[in-house]
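Right, one structure below, let's go through it.
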Amino acid sequence: MGLPGFHQALAAHQAVVPPSRVDPSIAEAVERQTRAMRALRFQAFAESEAAADNQPTPIEQAHTESRRQADMSYAATLRRARAERAAREAGTATANVAPLGRTA
């Protein structure tokens with residue numbers, strides 16, 4: 001579907017394309033560096049004993065503890081809001097509602 005002689009020109013161009021210029025010694029050096037970096041990565045980020053024993057890792061423990069504290073705070077907030085609403089509806093003072101703990 002090309003102009004006349006297009007296929008001839010394409011074939012001539014493909015016939016003289018230079019061979020790959022990859023130097024085998026450079027390819028070997030790149031491969032050695034890749035293996036070395038992979039080995040260093042495994043040393044730096046090796047799985048801990050806890051992870052190997054299906055125990056939570058420290059980051060998982062921190063997330064669980066943070067979530068537990070957030071849930072406790074949320075529950076305390078709900079209790080206080082319900083107590084304040086009940087006090088308003090009853091027409092009593094809210095002084096008997098226990099204060100929340102520190103917030104920061």
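Only the coordinates and a few stated rules stand behind these numbers; no lab work does. Keep in mind it's a predicted model, so treat the numbers as computed, not measured. Cβ: placed from backbone, ideal geometry, glycine included. Neighbour counts: every protein chain shown.
At most 14 other Cβ atoms within 10 Å and a DSSP loop assignment: could you name the trypsin sites (Lys or Arg not before Pro) in region 1-41 that fit? Answer in residue order: Arg21.
On a full-extension model of 0.36 nm per residue, what is the gain between His7 and Arg82, subtracting their alpha-carbon distance, rounded to one decimal in nm?
18.6 nm
Would you please classify the overall shape of region 27-90 from the alpha carbon gyration tensor, given that a ≥ b ≥ c denote the square roots of the eigenvalues, rounded means a/c under 1.5, and beyond that prolate means a/b larger than b/c while oblate covers the rest?
Working: a/c = 10.19, a/b = 4.02, b/c = 2.54.
In terms of gyration-tensor shape, prolate.
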